[in-house]
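Notes for the one structure printed next.
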Amino acid sequence: FGRWRDLKPSSEIRLHLECYRQRPDVHAVIHAHPPMTIACTLAGVSLAKCVLPEVLYELGTIPTAPYATPASAEGPLAVHDLVTWYDAIVLDRHGTVTVGVTVWDAYMRLERVEHSAQITLAAQQALGKPVDPLSPDAIQKLAAMRQQVFGQRGRDLCAECNACPVSERHPSRLHGSAVPDLARLEALIADEVQRAIQ
């Protein structure tokens, strides 16, 4: 432990702590700034559409959290609801957050997000228009293949890809939910800890 004691925590410590707080199954959180994924947010290209079968099967859809000022108390609030359902989240104009049981799991999810962004942007540029999602039939087949795995982990199967009816989408995506006061208090505590160690 001695060699680590002089290291300072990330300026995004609150973001990391929120992920751990919302997901007891998570033991690793990676926040990164993958360039093609950030480019997607600048271009208004969503990675939440069901486009690539391997991404849909292995990761699920990839939502984008609303913009939050980096290293501020806004970050945890932006991912609060999303991290409950998703293992990979794009941060508008900022980067990504991926979670996993191990650092390797979280890292491979980061790689999958950036790979998806590269393919999606290249295809959209070649087509000159947004990429069409998979057909509803193809999505249903993939969802059936992974329903057991994702269901056991409590992950969401859909994120506003417009390929299935609104009634089938997860209710939290339709109605939202209030952020508890406890999260705000914890963000303030994290602020104070950050200030104390600087």
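Yes/no matrix, rows are residues, columns are (1) more than 11 Å from the chain's Cα centre (by Cα); (2) surrounded by 15 or more Cβ atoms within 10 Å (Cβ to Cβ); (3) closer than 25 Å to Ser10 by Cα:
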{"residue": "Leu52", "(1), (2), (3)": "yes, yes, no"}
{"residue": "Gly60", "(1), (2), (3)": "no, yes, no"}
{"residue": "His80", "(1), (2), (3)": "no, yes, yes"}
{"residue": "Val90", "(1), (2), (3)": "no, yes, yes"}
{"residue": "Arg93", "(1), (2), (3)": "yes, no, yes"}
{"residue": "Val101", "(1), (2), (3)": "yes, no, yes"}
{"residue": "Val113", "(1), (2), (3)": "no, yes, yes"}
{"residue": "Ser116", "(1), (2), (3)": "yes, yes, no"}
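For residues that are under 12 Å from the mean Cα position of the chain (by Cα) and assigned to a loop (DSSP other than H, G, I, E, B), tally how many sit in the stretch 62-78. The number of residues fulfilling the criteria is 3. Taken together, the residues in the stretch 23-45 that are closer than 13 Å to Ala88 by Cβ and free of Cβ contacts under 8 Å to residues at least 24 places away in the same chain amount to 0. Checking the structure you have, find out if any residue of the stretch 119-132 is closer than 13 Å to Pro53 by Cα, out of contact with any His (no Cβ under 9 Å at 6 or more places or on another chain), assigned to a loop (DSSP other than H, G, I, E, B) and at pLDDT 60 or above. Yes; the residues of the stretch 119-132 include at least one that is closer than 13 Å to Pro53 by Cα, out of contact with any His (no Cβ under 9 Å at 6 or more places or on another chain), assigned to a loop (DSSP other than H, G, I, E, B) and at pLDDT 60 or above.
Annotation: Cys40 fulfils all but one of (1) open to solvent by 20 Å² or more (accessible area, probe 1.4 Å); (2) closer than 16 Å to Thr96 by Cβ; (3) more than 13 Å from the chain's Cα centre (by Cα); the unmet one is (1). Would you please name the residue that is farthest from Gly128 (Cα to Cα), looking only at residues in the stretch 38-61 that are outside any helix (DSSP H, G or I) and out of contact with any Leu (no Cβ under 7 Å at 6 or more places or on another chain)? Of everything passing the filter in the stretch 38-61, Leu59 is farthest from Gly128 (Cα to Cα). State all residues of the stretch 1-20 that are open to solvent by 50 Å² or more (accessible area, probe 1.4 Å) and either aromatic (Phe, Trp, Tyr) or in contact with a helix residue (DSSP H, G or I) (Cβ under 7 Å, 6 or more places away or on another chain) (or both); if no residue qualifies, say none. Across the stretch 1-20, the qualifying residues are Phe1, Trp4, Lys8, Ser10, Leu17, Tyr20.
Summed over the stretch 73-98, the residues that are of a type in the set (Gly, Ala, Ser), out of contact with any Leu (no Cβ under 9 Å at 6 or more places or on another chain) and free of Cβ contacts under 8 Å to residues at least 40 places away in the same chain give a count of 0.
The values are calculated or read from the model by the stated rules, or taken from the named source; none is laboratory data. Keep in mind it's a predicted model, so treat the numbers as computed, not measured. All Cβ positions, even for glycine, are placed from backbone atoms using ideal geometry, and neighbour counts span all protein chains on display. Surface areas here come from the heavy atoms of the whole protein model, side chains and all, with no ligands, DNA or RNA. Shrake-Rupley method; radii C 1.70, N 1.55, O 1.52, S 1.80 Å.
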